[in-house]
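Participant: Before anything else, here's the structure in question.
What follows draws every value from the coordinates through simple rules; no lab data is involved. Being a predicted model, the structure only gives us computed values, none of them experimental. Using ideal geometry, Cβ is built from the backbone for each residue, glycine included, and neighbour counts are taken over all protein chains shown.
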Amino acid sequence: MSPPRLPLWLKLAFTLWVLIWATSYARVLGWQNFLWLCDLASFLILVALWTENRLLISAQWLAVSLVGVLWTLDVAVAFAIGVHPIGGTEYMFDTARPLAFRLLSLFHLFLPLVAGYGVWRLGYDRRGLGWQVVLTWLVLPLSYAVTDPERNINWVQGPFGQPQTSLDPLVYLVGLMLAWPVVVYLPPHLLTRGLARWRRLRGH
């Protein structure tokens, strides 16, 4: 058997984090919140770390990389000047929510670091794009069908956390399913493939 390529401390630390985070979220927010693609990514990254599955970690890298960057940017700008340039992170400044609970959402910041490290150590599997698109096309309609509309899980009721009324809800949902892979997954996929080629050439 080949030696593990991911350190045990990372697997244990991430497992502990998921236990704390998931228990807290389940108690306060309920099961619907785990349909957020970034929440699902936490569980799938945990599986990928322990199994060292290159395909799974590649798919979840696409799920969290760009989202994590945009989430961090929105929070940082709002913290600095009080304006949300993107939107969707207003809850981080809602003083009606306990600070400790809001701080749990900082997982958006470190998920890309964990997934990115996994891809760096295990390699990038370009099939991850197709797998993540299929998962997204399953989760978005499910979010629309079974979650409370006011929660707007995965923005299936409107972009940037706000409900939309301009389009028929199903037309909007189909548009969201088509746009999500192109806007969210394709840029990091192309960038990661380019970096992987550069890394191979440099190695030679």
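Participant: Go through (1) 18.8, 66; (2) 17.6, 57; (3) 18.2, 63 and flag the label whose value is the computed Rg and Dmax of the Cα atoms in Å for this structure.
Facilitator: (2)
Participant: Among rounded, prolate and oblate, which fits region 120-172 when a ≥ b ≥ c are the square roots of the eigenvalues of its C-alpha gyration tensor, a/c under 1.5 means rounded, and a/b larger than b/c means prolate?
Facilitator: Since a/c reaches 1.5 and a/b is larger than b/c, the shape of region 120-172 is classed as prolate.
Participant: What full-extension length gain, to one decimal in nm, is calculated for Glu52 and Tyr91 as 0.36 nm per residue of separation minus the Cα-Cα distance?
Facilitator: Full extension from Glu52 to Tyr91 adds 10.6 nm.
Participant: With θ taken as phi - 60° and the coefficients 6.51, -1.76 and 1.60, list the Karplus ³J(HN,Hα) couplings across region 21-33 in order, rounded to whole Hz; mark glycine and proline as x.
Facilitator: Each residue of region 21-33 in turn: 5, 5, 4, 5, 5, 4, 5, 8, 9, x, 5, 4, 4 Hz.
Participant: May I pose another question? Rounded to whole Å, give me the distance from the Cα center of region 112-134 to that of region 43-57.
Facilitator: 9
Participant: Another one. Could you check the spin-label model distance between Ser166 and Leu142? Points 7 Å from the Cα along Cα→Cβ, value in nm.
Facilitator: 3.0
Participant: When only Cα pairs under 8 Å and 6 or more residues apart are kept, what is the percent relative contact order across the chain?
Facilitator: 25
Participant: Hey, another quick one. Could you give the angle, 0 to 90 degrees to the nearest 10, between helix 186-203's Cα long axis and the longest principal axis of the Cα atoms of the chain?
Facilitator: Result, in degrees: 20.
Participant: Moving to a separate point now. Residue-wise, which Karplus ³J(HN,Hα) couplings in Hz belong to region 47-64, taking 6.51 cos²θ - 1.76 cosθ + 1.60, θ = phi - 60°, and x for glycine or proline?
Facilitator: Ordered by residue, 3J(HN,Hα) equals 4, 5, 5, 6, 8, 6, 8, 5, 5, 5, 5, 5, 4, 6, 4, 5, 5, 10 Hz.
Participant: For the ranges 59-72, 160-173, what's the packing order if you count other beta-carbon atoms within 10 Å of each residue, average per peptide, and put the highest first?
Facilitator: Averaged packing, sorted descending, gives the order 59-72, 160-173.
Participant: Ignoring everything except DSSP H segments at least 4 long, calculate the 222 nm mean residue ellipticity for the chain; use -39,500 (n - 2.57) per segment, divide by total residues, nearest 500. Present the calculation step by step, with values, prior to reporting the outcome.
Facilitator: Details: 8 runs with 134 residues, N = 204.
Rounded to the nearest 500, the figure is -22000 deg cm²/dmol.
Participant: Starting from the Cα gyration tensor of region 57-166, take the square roots of the eigenvalues, sort them a ≥ b ≥ c, and report rounded, prolate or oblate (rounded when a/c is under 1.5, otherwise prolate if a/b is larger than b/c, else oblate).
Facilitator: Verdict is oblate for region 57-166.
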